[in-house]
Every structure is written in structure tokens, then in C-alpha cells.
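The values are calculated or read from the model by the stated rules, or taken from the named source; none is laboratory data. Fair warning: this is a prediction, and the values are worked out from it, not measured in the lab. Every residue, glycine among them, receives a Cβ derived from its backbone with ideal geometry; neighbour counts consider all protein chains shown.
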Amino acid sequence: MSEHGFLVLADISGFTRFVAGTELEHGPRVIANLLETVATQLAPPLEIQEIEGDAVFTLGSDRALAEPAMLLAVVERAFIAFKQRQREMVLDVGCTCQACGSIPNLNVKFIGHYGSFIRQSVAGRAQVSGSDVIVVHRLLKNRVEGSRGYLLLTEPALIRVGQDPNDPEIRSHVEELDALGQVRCSVRDLDSVWRHLAETTVVRVAREEALLQVEVLLPAPPPVVWDWLFSPEKRQRFESGVRRVVQESGPDSQVGVGTRYQCDHGPTRTLETIRDWRPFRYCTRDVTRRPGKITLRVTVDLEPTEGRRTRVTVLGAPPPSASWLKRLVLRAIAPHIAAGLEVDLRTLATLLSTS
């Protein structure tokens, strides 16, 4: 007996190129981890039918998905979980192999169709079949441009979820499938959902939890101060002991959340990872010292004052994941770090007043 419901595929874009061009040990493991993250968010309420290499095939029968409109929220939840897990992997300071370095290039797309299917058993394995199963799989190879994350819904699926076809967040799209003819679809950009979440998620060190606090008044407006504080070249002019600062690429091509900086201090090195990035207002970074892997979360806050000056406040505290032992170590060395930060900022004040 046939059933009706949603047929949804989540497919990791860039899988073939990623696995072929990276270490065998880490490449498949990364894909499996990301795919599991997506599958966990889809089911329930959807039902996992099969893992297909770089994709997970799920079903949402009318019996199981009583509220069809839930599908959009389920897909968004799965996409956000993918991006969060991807970011965590990117920010992992423990591995610098080619596979882990290529994680930012991955994305995930979702294909949704509504139709009928028949459950059957083949060689002892449960499967579904039918023309609508073929349609959703054929739509994996589509003409949607770019490598962004998106949700492609066929017209039957769009109608079923009750989505307004005139919604400005979606655009019409038509696929031509051999022997199946034209399939009318809609495409919704999911990367914009993630960007909005990232923009509204605040990561700051609170004063009450800070182990160190430094405040200095600088003789320049916030845009000028911001440029000095976060330009790799200019930082070397006022930060004591810094031989070289190299900016690495993050999840996006521009500087922002996930961007990393390698800082050479001679006998030691630090890896700085941006956790929150609000230009000219504040920035929060996780600063990890090597050797030792002691991480300090630092928020640099810029406040404009009279006379085109800027009050810079630096607050530092252990990140939430820090162990009790590392918290003790940070508490012991915090005064030394604070003293060094104050010297650096006063050096910057001198440079700004003479430039």
C-alpha cells in the first residue's frame, strides 16, 4: 500500500572533491561527523530511510508529520546545527591537516518533495520506491548556482508546507529532468539564516567574570583605533614581543567570526580565533598559547568619547569549556597578561598621538 508524505534529502556539497583531495584518515571522518549532525536534527520528526554516502535520505509521512509547516523549521534547525558543528571543527586548534583545513569549503543543501512511495524489503533491507523517490534523487544534480546552502522544494512540497510562493525569501526555479519533464521548484537561501543568527549571537566577556581588565584612552576615533588593533601589520608596531602576525582564512572569505591569526612570539606562539566581530564596537577572541594550549577569551570594547578619542576596555576570562586546572593557571598569570596589555596600549597611544 502506498503512503504519502515528504521525501527529503540532505546532501553535503563538495564531498567528492573534499575526500579525493584530503587525507584518507580525516576526510571521511569529517563528512561522517557532519552528516550525523544533520541526521540527528532531521529525525525525529522525519524518519531516516538511508545514508547514501554524502547524503541522508529521510521521509516525513502524513502520519508522522501532522503539521506539514514544521518541515521548514526542521530543515533550518538541521542547517544551523551543520554550520555550528562546522565552525567548531574549523576552530579546532588540535589539527592542521589538509582535510581539517578544507572544512570551511563544505556546505549542505536540502531537496524536498511531496508525493507517494511504497515501502518494501530488498535483501532484508527496508527501502522505499516509486516515481517520486526518483524525482527527489534526480533533483540532487540541479542547476542551482553557487556553493551556498539552500532548500529546494518542489511545487507539491511548497504547497504542502503552506509557503507563500510570493515570499521574497524564496525564488522560483525550474528543473528539466530527462523522461520526467519540467519540475517547478522554489529555492530558499539558508546561508542568510545562518548569517542572521551569527549577527544576533553575542559573545562577550562580562565584567563580573573577568580575571583581567585594562582600560586606556586612545587619541583617535574608533575606526582608526580598530584598524590598528586588528591589522596584522600594524599590530607588530606596538605589541611587545610579537615578531609576526599572520591572518588565516575562516569560514567566510572576509574577516569575521571564525577568522584566525597566528602570532609568533619567538619561543611561544598564540592562535587567536574570532568568536564575535562587531567592527568599530567590539571583538571577542579566544587566544590560545602554545605550548600548553591555555586559552583566554578576550573582549576588546571601543567606546567613542569627546574630542575624537576612544576608550578601549579589555576584559579577559576563561572560555566556558576551560577545565578547573586551566582556570587556576589563568588566574595566576592574569596580572602579568594585564600588565603587558596596558604597556602595549600605551605604546599605541603614543603612536597615534604622533602620527
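Condition first: out of contact with any strand residue (DSSP E or B) (no Cβ under 8 Å at 6 or more places or on another chain) and not in a strand (DSSP E or B). Now tell me which residues in segment 252-291 satisfy that. Walk me through how you get there before you give the answer.
So in segment 252-291, the residues out of contact with any strand residue (DSSP E or B) (no Cβ under 8 Å at 6 or more places or on another chain) come out as 252-254, 265-267, 278-279, 291.
Those that are out of contact with any strand residue (DSSP E or B) (no Cβ under 8 Å at 6 or more places or on another chain) and not in a strand (DSSP E or B): Asp252, Ser253, Gln254, His265, Gly266, Pro267, Pro279, Pro291.
Looking at Lys234 and the list (1) over 25 Å from Glu215 (Cα atoms); (2) at pLDDT 80 or above, which single condition is not satisfied?
(1)
Under 7 Å between Cβ atoms, which residue pairs at least 6 apart in sequence (or on different chains) link something in segment 321-345 that is not assigned by TED's automatic domain parsing to the domain that holds Leu296 with a partner that is assigned to a loop (DSSP other than H, G, I, E, B)?
Partner pairs satisfying both residue conditions: none exist.
Every residue, every condition in (1) charged (D, E, K, R); (2) outside the structural domain of Trp324 (by TED's automatic domain parsing); (3) farther than 28 Å from Arg308 by Cα, yes or no:
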position: Lys234; (1), (2), (3): yes, no, no
position: Pro267; (1), (2), (3): no, no, yes
position: Trp277; (1), (2), (3): no, no, no
position: Arg289; (1), (2), (3): yes, no, yes
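May I ask you to verify whether Ala206 is surrounded by fewer than 19 Cβ atoms within 10 Å (Cβ to Cβ), small (Gly, Ala, Ser) and at pLDDT below 80?
Numbers: surrounded by fewer than 19 Cβ atoms within 10 Å (Cβ to Cβ): yes; small (Gly, Ala, Ser): yes; at pLDDT below 80: no.
For Ala206, the condition - surrounded by fewer than 19 Cβ atoms within 10 Å (Cβ to Cβ), small (Gly, Ala, Ser) and at pLDDT below 80 - is not met.
Among Gly340, Gly307, Gly266, Gly292, which is the only one that is over 23 Å from the mean Cα position of the chain (by Cα) and modelled with pLDDT of 90 or more?
Numbers: Gly307 fails: modelled with pLDDT of 90 or more; Gly266 fails: modelled with pLDDT of 90 or more; Gly292 fails: modelled with pLDDT of 90 or more.
The unique qualifying residue is Gly340.
Taking the conditions exactly as written (outside any helix (DSSP H, G or I), over 15 Å from Trp228 (Cβ atoms) and in the same structural domain as Pro221 (by TED's automatic domain parsing)), does Gly316 satisfy them or not? Working first, answer last.
Numbers: outside any helix (DSSP H, G or I): yes; over 15 Å from Trp228 (Cβ atoms): yes; in the same structural domain as Pro221 (by TED's automatic domain parsing): yes.
Yes; evaluated as a whole, the condition is true for this residue.
Just to confirm my filter: which helices (runs of 4 or more DSSP H) fall fully inside segment 106-203 and include at least 2 residues that are farther than 25 Å from Leu34 by Cβ and touching a residue at least 24 places away in the same chain (Cβ under 8 Å)? Before you say what the answer is, go through the steps one by one.
Details: elements: 131-138, 155-161, 191-200.
Fully inside segment 106-203 and qualifying: 131-138, 155-161.
Conditions first: (1) in a helix (DSSP H, G or I); (2) surrounded by fewer than 16 Cβ atoms within 10 Å (Cβ to Cβ). Leu217 passes all but one, so which condition is the exception?
Leu217 satisfies all of (1) in a helix (DSSP H, G or I); (2) surrounded by fewer than 16 Cβ atoms within 10 Å (Cβ to Cβ) except (1).
Do you know which residues across segment 127-173 are among the hydrophobic types (A, V, I, L, M, F, W, C) and on the phi > 0 side of the Ramachandran plot? Give the derivation first.
Narrowing segment 127-173 to residues among the hydrophobic types (A, V, I, L, M, F, W, C): 128, 133-136, 139-140, 144, 151-153, 157-159, 161, 170.
Once the filter is applied, which keeps residues that are among the hydrophobic types (A, V, I, L, M, F, W, C) and on the phi > 0 side of the Ramachandran plot, segment 127-173 yields nothing.
Using beta carbons and a limit of 7 Å, which pairs, at least six apart or on different chains, have the first residue in segment 66-84 and of a type in the set (Lys, Arg) and the second one assigned to a helix (DSSP H, G or I) and surrounded by 14 or more Cβ atoms within 10 Å (Cβ to Cβ)?
Arg77/Gln41; Lys83/Trp194
Of the conditions (1) closer than 30 Å to Arg195 by Cβ; (2) surrounded by fewer than 14 Cβ atoms within 10 Å (Cβ to Cβ), Gly149 satisfies every one except a single condition; which number is it?
(2)
Among residues belonging to segment 112-132 that are modelled with pLDDT of 85 or more and farther than 21 Å from Val174 by Cβ, point out the one that is surrounded by the fewest Cβ atoms within 10 Å (Cβ to Cβ). Break it down into steps so the answer makes sense when it comes.
Taking segment 112-132 as the starting set, the residues that turn out to be modelled with pLDDT of 85 or more are 112-119, 130-132.
Okay, now just the ones that are also farther than 21 Å from Val174 by Cβ, so 116-119, 130.
Working: Ser116: 14, Phe117: 21, Ile118: 12, Arg119: 15, Gly130: 16.
Among residues in segment 112-132 that are modelled with pLDDT of 85 or more and farther than 21 Å from Val174 by Cβ, the one surrounded by the fewest Cβ atoms within 10 Å (Cβ to Cβ) is Ile118.
Considering only residues that are within 23 Å of Ala198 (Cβ to Cβ) and basic (Lys, Arg), look in segment 52-101 and name the one that is modelled with the lowest pLDDT.
Arg87
Checking the structure you have, find out if any residue of segment 180-201 is over 24 Å from the mean Cα position of the chain (by Cα), surrounded by 15 or more Cβ atoms within 10 Å (Cβ to Cβ) and modelled with pLDDT of 85 or more.
Let us first name the residues in segment 180-201 that are over 24 Å from the mean Cα position of the chain (by Cα), namely 180-186.
So of that shortlist, the ones also surrounded by 15 or more Cβ atoms within 10 Å (Cβ to Cβ) come out as 183, 185-186.
After this cut, where a residue has to be modelled with pLDDT of 85 or more as well, the list is 185-186.
Within segment 180-201, one or more residues are over 24 Å from the mean Cα position of the chain (by Cα), surrounded by 15 or more Cβ atoms within 10 Å (Cβ to Cβ) and modelled with pLDDT of 85 or more.
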